[in-house]
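The block underneath contains the structure these notes are about, expressed in structure tokens.
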Amino acid sequence: MNFGTEALSKSSATKPWRTVGIWLILLITAIAISSQLLGSALTSSVSFTDNPESTQAQALIDELRGDVPDTEFVVITNDTLIADDPAYVAYVTDVQQTISALGPDVVLGVGSYLTSDGPVSDSGHAALLPVPIAGGNADIVAENTNLVNEAVSGIEESGGFQAVVAGPNSIANDMNRIAEEDLATGEMIGIGVALVVLVLVFGTVASGVVPIVLGVVSIAVAMGLAALVGQFFELSFFVTNMITMIGLAVGIDYSLFIVSRYREERSRGLDKIDAIIRSGATASRAVFFSGLTVVLALVGMFLLPNTIFRSLATGAILVVLVAVAASMTLLPAVLSLMGDKIDWLRIRRRGSLQSSGRFWDSVTRTVMGRPVISLVFSVTILLMAASSFMWINTGFAGVSTLPDEVESKQAFEVLESEFSGGLASPIEVVIQGGDIPSAVSVIEASVALDDRFGGSQLDPRSTEDLAILSVVLNGDVASVESIAAVEHLRADVVPTLSDSSTRVLVGGETAGTLDFLVQTDKYTPIVFAVVLGLSFVLLTVAFRSVVIPAKAIVMNLLSVAAAYGLVVAFFQTGAGPEWVKDIASALGFGQVDVIEDWIPLFLFSVLFGLSMDYHVFLLSRIKERFDITGDNSESVAYGLRTTGALITGAAVIMVAVFAGFAAGRLVTFQQMGFGLAVAVLLDATIVRTILVPASMKLLGSRNWYLPSWLEWIPNVSIEGTPRELPASETPDRELISV
């Protein structure tokens, strides 16, 4: 079955300027669309599509309160003066005037204890100034919050006074800013290391630059597509991080494999166009199937009814599809235009790392000579790495996990010590119908006896039919304790209400977090089943074997489990040995109570796709050789020998890209980048180098078993049409006898 990769390569190579021109138009258009529309396509909020309890509560809150502006708090402190001191009053007045001067388009007023609109701490040294933020949508509110922060930062902190801004928008702005800075850092690290690795693998500068250019083009075009998609569906701002990270990883890797195959075919004596066509019939086809496996693994995230997972999946799928398209069309055109100039600026004599093969021959001979020992050793290492996963606690990183120098964290710490940490984002208990006063009394009494809460207040706009009781949490609203407090209200307090006609819903930011956790736990097994099932079907069709996909799934699950365990050991407080914590501290990793709830499912989807990526490339070369020689052992050795350096180089590039994100300051990205990096590293070393050849040696020809009742499956020939075996490539009998 011809999937068109050969035809696409031929068409692009014979008409290169037309192909390059089309991609140039796409690139310019995508950049223009991104600059105009990407900002309006992204949001920092999380939306649910399955209407959980927090969403139902928010609908009733909006019905009662209407369009209530978001409120930030200016936290003013002085270690020596108290609020009724004239100097303190003068400073508060100056702060109010400075903020009010921003105008009604930015703020809707400034309250304080001077007008009975803001509280003073029990110590008298801290005061809160509530500032309602103007704006009709989240983007304007975020921008106006930044203006308030800038105005407050510009106030001179003389006489021991300090003024900082606390609130959900300030926290979100700081997280977005740090995320953008981390993204830029990750890009620089990833691209820099990728260039060095590519030049070393190919031995020439030009060969190293081309894959990076293809990766950058893929990212830019995908950003434009995301901006368009975001006009119809709400996308999380994390989508840009996802596009950049995955785009650098797969975009460079896909080009790496195709450029390598092109140079290999040229070294065999094929002319330029024929070498490009042959690469299209083999490496490009492997890229197509590899991209398809990644997409299928990512599709599972669409099953979760919330915007975070769907945004991450959208961004990753878009950039993978663009990278595949660029590899199969733009890259052949570039190779056609460059020809042998792809070897321009050679840094060492002809003969690249991937063609030497001596090291990989030695590794293969060792592993396949002792397959049982190799198998047991590799599985043991992976299971040991996975062991810490048993102690995983999932949740969300709140403001307390931000770097200490971030002002919103400093403001939160003052808020927590002098007032209540959850003052800016209280639990909102919505009570509808029945005996509302009785329900309010029961809830207030329960809250008063629990030190996790800092008090409650009935909304003055409450009616006889609908009331809102705001309950303040004492700590970080995203902490384990705060989430447990919401669970307590829902599971233990609300059911005790005697009036069955009273509807009680627990909403607010923390309740939304709890709903997210419950939702993720519910859908994770479903996603696993769908992704594993689709991957099994695809690999069965690709390799006409039921053993190959079954083994691939088991191996990938082992590497994913190992990544889970290492993330827990390195990041979660109280899990993992002390020497691991010492390494984590040296690397600058934050120690937190929980692993981000979306990380395990995210890692599974992305890693399963990327692991299958390498598996497809390796097995396609093994199958290509097996179809020629019919010898399983020699084919495995040949596959490892010809792809070992390439897969290692590709893995190093991916590890560098992901490590760049792990080097950031947000614990969320540290966990994500570290998890991806160690999984790819384990997969390219222990799994591909030891586990795959050992298992294939033990199974022998059974690797290619396909039941007779599945013979109807079309032969897609992912490895291309078998060619004549050159005399220089006769089977290595020493390896065959291993």
Selected residue (criterion: nearest to N173 (Cα to Cα)) from residues of region 130-143 that are touching a residue at least 12 places away in the same chain (Cβ under 8 Å) and out of contact with any Asp or Glu (no Cβ under 8 Å at 6 or more places or on another chain):
A142
Between V213, V196, V209, V229, which is surrounded by fewer than 24 Cβ atoms within 10 Å (Cβ to Cβ), touching a Leu at 6+ places or on another chain (Cβ under 8 Å) and more than 23 Å from A297 (Cβ to Cβ)?
V209
Taking K551 as the residue in question, decide whether it is surrounded by fewer than 23 Cβ atoms within 10 Å (Cβ to Cβ), assigned by TED's automatic domain parsing to the domain that holds T380 and without any contact (Cβ under 8 Å) to a residue 40 or more places away in the chain.
no
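Is there a residue being over 31 Å from the mean Cα position of the chain (by Cα) and more than 27 Å from L108 (Cβ to Cβ) anywhere in region 21-31?
Going through region 21-31, the residues over 31 Å from the mean Cα position of the chain (by Cα) turn out to be 21.
Narrowing the set further to residues that are more than 27 Å from L108 (Cβ to Cβ) leaves 21.
Looking for residues that are over 31 Å from the mean Cα position of the chain (by Cα) and more than 27 Å from L108 (Cβ to Cβ), one finds at least one in region 21-31, hence yes.
Do the conditions hold for F309, that is, is it within 30 Å of L228 (Cβ to Cβ), at pLDDT 85 or above, surrounded by fewer than 18 Cβ atoms within 10 Å (Cβ to Cβ) and not assigned by TED's automatic domain parsing to the domain that holds N632?
So F309 does not fit the description; no.
Kindly check whether there is at least one residue in region 654-667 that is farther than 27 Å from M188 by Cα and in the same structural domain as S545 (by TED's automatic domain parsing).
no
Among the listed residues V287, V324, V334, identify the single one that is of a type in the set (A, V, I, L, M, F, W, C) and out of contact with any Phe, Trp or Tyr (no Cβ under 8 Å at 6 or more places or on another chain). Steps first, answer last, please.
On the way: V287 fails: out of contact with any Phe, Trp or Tyr (no Cβ under 8 Å at 6 or more places or on another chain); V324 fails: out of contact with any Phe, Trp or Tyr (no Cβ under 8 Å at 6 or more places or on another chain).
Exactly one residue qualifies, and that residue is V334.
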Let me confirm something: among V197, V141, which residue is among the hydrophobic types (A, V, I, L, M, F, W, C), in contact with a helix residue (DSSP H, G or I) (Cβ under 9 Å, 6 or more places away or on another chain) and assigned by TED's automatic domain parsing to the domain that holds I82?
V141
Number of the condition not met by E578 [criteria: (1) at negative phi; (2) touching a helix residue (DSSP H, G or I) at 6+ places or on another chain (Cβ under 8 Å); (3) among the charged types (D, E, K, R)]:
(2)
Just to be sure I understand, how many residues within region 639-679 are crowded, with 24+ Cβ neighbours inside 10 Å, within 22 Å of L200 (Cβ to Cβ) and under 14 Å from the mean Cα position of the chain (by Cα)?
4
If you take the residues in region 507-517 that are more than 20 Å from the chain's Cα centre (by Cα) and closer than 22 Å to L603 by Cα, which one is surrounded by the most Cβ atoms within 10 Å (Cβ to Cβ)?
L514
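Considering G609, G644, which residue is of a type in the set (G, A, S), more than 19 Å from L248 (Cβ to Cβ), part of a helix (DSSP H, G or I) and modelled with pLDDT under 85?
Going through G609, G644 in turn, the sole match is G644.
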So if I check each of L449, L514, L534, L505, which one is under 30 Å from E596 (Cα atoms), modelled with pLDDT under 90 and not polar (S, T, N, Q)?
L534
Within region 636-652, residues being closer than 19 Å to A194 by Cβ, touching a residue at least 40 places away in the same chain (Cβ under 8 Å) and among the small types (G, A, S) number 4
For region 414-431, how many residues meet the condition of being modelled with pLDDT under 85 and of a type in the set (A, V, I, L, M, F, W, C)?
5
Can you pull out the helices (runs of 4 or more DSSP H) entirely within region 196-281 that have at least 3 residues that are under 26 Å from T648 (Cα atoms) and hydroxyl-bearing (S, T, Y)?
238-267
Give me a count of the residues in region 64-84 that are of a type in the set (D, E), part of a loop (DSSP other than H, G, I, E, B) and touching a residue at least 24 places away in the same chain (Cβ under 8 Å).
3
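From the residues in region 232-250 that are over 13 Å from the mean Cα position of the chain (by Cα) and over 28 Å from W344 (Cα atoms), which one is surrounded by the most Cβ atoms within 10 Å (Cβ to Cβ)?
My answer is L235.
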Evaluate the following for T282: is it within 22 Å of the chain's Cα centre (by Cα) and β-branched (V, I, T)?
no
Please go through (1) of a type in the set (G, A, S); (2) farther than 30 Å from Q231 by Cβ; (3) surrounded by 17 or more Cβ atoms within 10 Å (Cβ to Cβ) for S54 and return the number of the only condition it doesn't satisfy.
(2)
So which residues in region 554-606 are buried (at least 19 other Cβ atoms within 10 Å of the Cβ) and polar (S, T, N, Q), if there are any at all?
N556, S559, Q572, S605
In region 133-158, which residues are β-branched (V, I, T) and more than 18 Å from T77 (Cα to Cα)?
I133, I140, V141, T145
Suppose we filter region 383-414 for residues that are in a loop (DSSP other than H, G, I, E, B) and either crowded, with 21+ Cβ neighbours inside 10 Å or more than 21 Å from the chain's Cα centre (by Cα) (or both); how many remain?
7
Quick one: G533 ticks every box in (1) within 23 Å of the chain's Cα centre (by Cα); (2) surrounded by fewer than 23 Cβ atoms within 10 Å (Cβ to Cβ); (3) in contact (Cβ under 8 Å) with a residue 12 or more places away in the chain; (4) in a helix (DSSP H, G or I) bar one, so which box is it?
(3)
Name every residue in region 458-506 that is part of a helix (DSSP H, G or I) and buried (at least 20 other Cβ atoms within 10 Å of the Cβ), in order of residue number.
S482, I483, A485, V486, L489, V494
Among the residues of region 412-452, what is the count of those that are touching a helix residue (DSSP H, G or I) at 6+ places or on another chain (Cβ under 7 Å) and farther than 30 Å from S500 by Cβ?
6
(1) at pLDDT 80 or above; (2) under 25 Å from L514 (Cα atoms); (3) among the acidic types (D, E) all hold for D435 apart from (2)
If V447 satisfies all but one of (1) part of a loop (DSSP other than H, G, I, E, B); (2) closer than 23 Å to S54 by Cα, what's the number of the condition it fails?
(1)
Condition check: assigned to a helix (DSSP H, G or I) and farther than 30 Å from V486 by Cα. Does Q56 satisfy that?
no
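The values are calculated or read from the model by the stated rules, or taken from the named source; none is laboratory data. What you see is a predicted model; the values in this text were computed from it and never measured. Because the Cβ atoms are built from the backbone with ideal geometry, glycine has one as well, and the counts that use them run over all protein chains shown.
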